[in-house]
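*Asks:* I'd like to ask you about the structure that follows.
The values are calculated or read from the model by the stated rules, or taken from the named source; none is laboratory data. Remember, it's a predicted structure, so these values are computed and weren't measured experimentally. Every residue, glycine among them, receives a Cβ derived from its backbone with ideal geometry; neighbour counts consider all protein chains shown.
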Amino acid sequence: MTGLFALVGAASCALAVHLAWPADPLRRLADVPRLALPAWLRPKPSSLPTRLRALAGGGAGAAVVVLLGGPPLLPLATGAAVGTVIFWGLGRLETGGAAATRADLVAELPGALDILAACVASGMPLRSATSAVAGAVGGLVGERLGSVVGRTATGFGDSDAWAVLREDDVLGPLARDLARASEAGTAMGTLLARHAEAARAAAQGEALARARAVGVRTIIPVSVCYRPAFVLLGVVPVIAGVLGSILG
């Protein structure tokens, strides 16, 4: 049992040191190859940072190991399973602020893509059109496009510049397609027009989903307000009348 506690303590200390170690500030500029995982395994970009999720999962797993005790194999396997599930589950959750930001991005994107498609169709280079649209539309979409403009200004090619948004929940598909199109040298006017149409459909679907959600959320308050009134004004007088006729 002492050996099990020592193993868990050593693993927890190693995890804490790894998570507390400062990250290389230049690492974000490197094009690091990433393992392609299924969508249900990949964490959402708006979820908690990897270090926090790893700390929560590792802490929960270590607590399970200590609480179960007994032969080392079963507690370690159970703790590893619990830690993995917590790490994965936190990666699939989206904070309320992130959900609101995503909804705003979905609403703003169709207009921005229409302007970007028109600029490219008129003959403007993609980076010049992106810079113009980023300054014109502003907001969250302008901020995202500004990150692409900033990378092109520091010497990145169009493909590498758009790759910065490849994991974005809303602009990710557009960024990946534009990065591939830039590498292949294909025309982008039709591609942007298709993405603008898809963004418009997504915005309409999001608005419809929010409208339906409002109706669902109002059921309970309406029931709380009107059901007592219905009972008092409709049911109670009938019961009182019946009882009065019986007793009288």
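*Asks:* Being at negative phi and either in contact with a helix residue (DSSP H, G or I) (Cβ under 6 Å, 6 or more places away or on another chain) or not assigned by TED's automatic domain parsing to the domain that holds residue 188 (or both) is true for just one of 58, 69, 111. Which residue is that?
*Replies:* Numbers: 69 fails: at negative phi; 111 fails: either in contact with a helix residue (DSSP H, G or I) (Cβ under 6 Å, 6 or more places away or on another chain) or not assigned by TED's automatic domain parsing to the domain that holds residue 188 (or both).
Exactly one of 58, 69, 111 is at negative phi and either in contact with a helix residue (DSSP H, G or I) (Cβ under 6 Å, 6 or more places away or on another chain) or not assigned by TED's automatic domain parsing to the domain that holds residue 188 (or both), namely 58.
*Asks:* Give the number of residues within region 58-93 that are under 16 Å from residue 47 (Cα atoms) and modelled with pLDDT under 85. Before you say what the answer is, go through the steps one by one.
*Replies:* First pass over region 58-93, keeping only residues under 16 Å from residue 47 (Cα atoms): 84-93.
Next, from what is left, pick out any that are modelled with pLDDT under 85: 87-93.
Qualifying residue count for the region: 7.
*Asks:* Among the helices (runs of 4 or more DSSP H) lying completely within region 63-182, list those that include at least 1 residues that are over 28 Å from residue 206 (Cα atoms) and acidic (Asp, Glu). Break it down into steps so the answer makes sense when it comes.
*Replies:* Working: elements: 73-92, 96-121, 126-137, 139-153, 158-162.
Counting at least 1 such residues, we get 158-162.
*Asks:* Would you pick out the residues in region 152-173 that are among the charged types (D, E, K, R) and either crowded, with 19+ Cβ neighbours inside 10 Å or touching a residue at least 40 places away in the same chain (Cβ under 8 Å) (or both)? It would help to see each step written out before you state the result.
*Replies:* First, pick out the residues of region 152-173 that are among the charged types (D, E, K, R): 158, 160, 166-169.
Correct list: 158, 160, 167, 168, 169.
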